[in-house]
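Comments concern the structure below.
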Amino acid sequence: MGKWDGLQTIGDLAKTLVQTEWHTTYKLVYRLIQLALVLPVTTATVERSFSTMKFIKNDLRNRMGEEYLTDCLVCYIEKDVFVKIENEVIMRRFQSMAPRRQRLPPLNDSPSFDTLVSNQN
C-alpha cells in the first residue's frame, strides 16, 4: 500500500491508478477522476464563450439572428486570423457576392470619406 500513501492530488491518484493498472478494475472511479480533472477547463471555456456572446450581443444588437450571431462570434474569437486579412480583400469579396437590395458602388469609383462628410453638411 506504499504507492497510495504519498498521494496529495487527484492527478497523483490518476497516475497511480494507471501505473498499477487498477484503472481497468475501477473504471467508474477512474472516469470520475478524469471528469474532475477536466471540469475546471470546461467551466472556464463556457464562461469565456458566454462573456464573448454578451460582448457581441449587447442591447443595440439584441435582435440579431442565430446565424449572424454565430458569424460574429467566430470573427471575434478568431480575430487573430481576421486581422491578417486586408480590408480591400473583404470589400472586393463582398461586392462580388450575389445582388442585394442595395448595390454598393465599385471600390475604384467610390467617393472618399471627406467627400461623403462634406456632402452631409
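None of the figures in this text is laboratory data; all of them are computed from the coordinates on show. In this text, all values refer to a predicted model and were calculated from it rather than measured experimentally. A quick note on method: Cβ atoms are made from the backbone with ideal geometry, for glycine too, and the neighbour counts reach across all protein chains shown.
Some observations on this one:
- Looking at region 1-56, the pairs of alpha carbons with a distance over 13 Å make up 66% of the total.
- Within the shell of other residues whose beta carbon sits under 15 angstrom from the beta carbon of LEU13, the net charge comes to +1, with Lys and Arg scored +1 and Asp and Glu -1.
- Full extension of the chain between ASN58 and ALA98 yields a length gain of 11.5 nm, computed as 0.36 nm times the residue separation minus the alpha carbon distance.
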